[in-house]
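K.L.:
What follows is a structure written as structure tokens; I'll ask about it next.
Rule-based calculations on the coordinates, nothing more; no lab input. Values in this document were obtained by computation on a predicted structure and should not be read as measured data. Here the Cβ is made from the backbone with ideal geometry for all residues, glycine too, and neighbour counts use every protein chain on show.
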Amino acid sequence: MHEFRIAVLPGDGIGREVMSPCLALVDLAVARAGGGFRLRFDEHEAGADLYQRTGVAMPDTALRAAESADAILLGAMGIPSVRYPDGTEVQPHLDLRERFDLYAGVRPFRLFPGAPTPLADPRAQNIDCVLVRESTEGLFASRTMTRREGNDAVFDTMRITRRTSERLFAFAFALARSRSRARNGRPGRVTCVDKANVIPSMAYFRSIFLDIASRHPDVASDCAYVDAVGLKLVRSPWEFDVLVTENMFGDILSDVGAGLIGGMGMAPSADIGDRHAVFQPCHGTAPDIAGRGLANPTAMILSGAMMLEWLGERHDVPACATAAGLLRGAVEEAFADGSIVTPENGGTSGTADVAARIRARLEQRPVATGLRASS
């Protein structure tokens, strides 16, 4: 019997509100999966609210728990009004990415039948792509590499390294290959998104990509400028398979992709390294709706499914993938008739309602062994 310890960091704002139904539904999916493993949830406080009260955003106890855990499940962190002395927001989840070398930020964009999209073209129903965002360097590296000239100028540095880029691109090609197998061999494709025509570091980024692509001839590849990709994402996103890009570009394009599949509340994510991984929704803490029961928990729930899938692959536990499939399938079925319309799309289906609909679908699955995850 495999037991996986999950470090749970609910964080700030709606992070806590979406984490609770996520844990309950992940627990139920494990129970329906037929046995072979269980989860132990280990919850810790961290984030901007804690920083505001104590001056510490990520306590050593939480950091040690995250470091020793099999996976990390995170709600959302940050409050716009709570900032460090340099004026930046308190966002310790960025520190986790750098400390644990979580270089591959995985952002899937799949439009579930019944979920809203601003695109009228019927081909939008075929949106199913993944953006892989480098998560430890790029322009975000300027958080620790800024140079100031008094009050006259600030210089931020973009860092692109060969080691990180090679691992990132290898990850993207492996993902495309895996997606191809899941689609019965339909060819995969990796698109490098950069600004190589203007920025030297991006030309370097592209050169590394082309080198790695030459080592994966079974997967199609191409390159595109970030502005062109932004245009194509809102015109024909169904043409993309795997997009791989720099940190800041990925941050921006992630929100564009979320807007195509029903909003940030539908967009899960994972930040993955060679040893650790953090799973969290793409959305922020949404302090304007925190405490009102309006947050869409779907992105958090789907992040839980991604965690289960990753655990299964990493530890060769097929039941984890079964649980992930059950959870993802329950989400898809819950949205299928179009009756779930969340506040971000002008509806009234709040946190409890969405979670209850997904639970109802999940409970229709037969229990194979009666095993439950412990929390």
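K.L.:
Out of these labelled values of Rg/Rh (Cα atoms, Kirkwood Rh), [x] 0.95; [y] 1.08; [z] 1.00, which was calculated from the coordinates shown here?
P.N.:
Answer label, from the structure shown: [x].
K.L.:
Could you give the length gained by full extension between Arg162 and Tyr84, i.e. 0.36 nm per residue of separation minus their alpha carbon distance, to one decimal place?
P.N.:
That works out to 24.9 nm of additional length.
K.L.:
Tell me what the chain gives for mean residue ellipticity at 222 nm when only DSSP H runs of n ≥ 4 count, each as -39,500 (n - 2.57), the sum divided by the residue total, rounded to 500 deg cm²/dmol.
P.N.:
Result for the chain: -13000 deg cm²/dmol, rounded to the nearest 500.
K.L.:
Over 24 Å apart: what share of the alpha carbon pairs of region 85-194 falls there, rounded to a whole percent?
P.N.:
That tail contains 46 percent of the Cα-Cα pairs.
K.L.:
Between Val198 and Asp211, what is the label-point separation in nm under the 7 Å Cα-to-beta-carbon projection?
P.N.:
Result: 2.6 nm between the two label points.
K.L.:
Could you state the number of Å between the C-alpha centres of region 109-187 and region 226-296?
P.N.:
Cα centroid of region 226-296 versus Cα centroid of region 109-187: 9 Å apart.
K.L.:
Sorted from fewest to most neighbouring beta carbons within 10 Å, what does the list Ser214, Ser142 look like?
P.N.:
Ser214, Ser142
K.L.:
Related question: Can you list, bin by bin at 10 Å, the percent of alpha carbon pairs in region 118-260, starting at 0?
P.N.:
So the P(r) values, bin by bin, are 11, 39, 33, 13, 4, 1.
K.L.:
Going by how many other beta carbons lie within 10 Å of each one, how would you line up Leu233, Leu210, fewest first?
P.N.:
So the residues, fewest neighbours to most, are Leu210, Leu233.
K.L.:
Let me know the charge dipole size of the chain about its Cα centre in debye, to the nearest 20, where only the beta-carbon of Lys, Arg (+1) and Asp, Glu (-1) is charged.
P.N.:
The dipole of the chain has a size of about 840 debye.
K.L.:
I need the Kirkwood Rh of region 201-300: take the reciprocal of the average 1/r across all distinct C-alpha pairs and report it in angstrom.
P.N.:
Taking the inverse mean of 1/r over all distinct Cα pairs, region 201-300 comes out at 15.9 Å.
K.L.:
Here's another thing I want to ask about it. If you take the beta carbon distance between Glu43 and Asp274 as r and set R0 to 25 Å, what does 1/(1 + (r/R0)^6) give as a FRET efficiency, to the nearest 0.05?
P.N.:
Efficiency computed from Cβ-Cβ geometry: 0.45.
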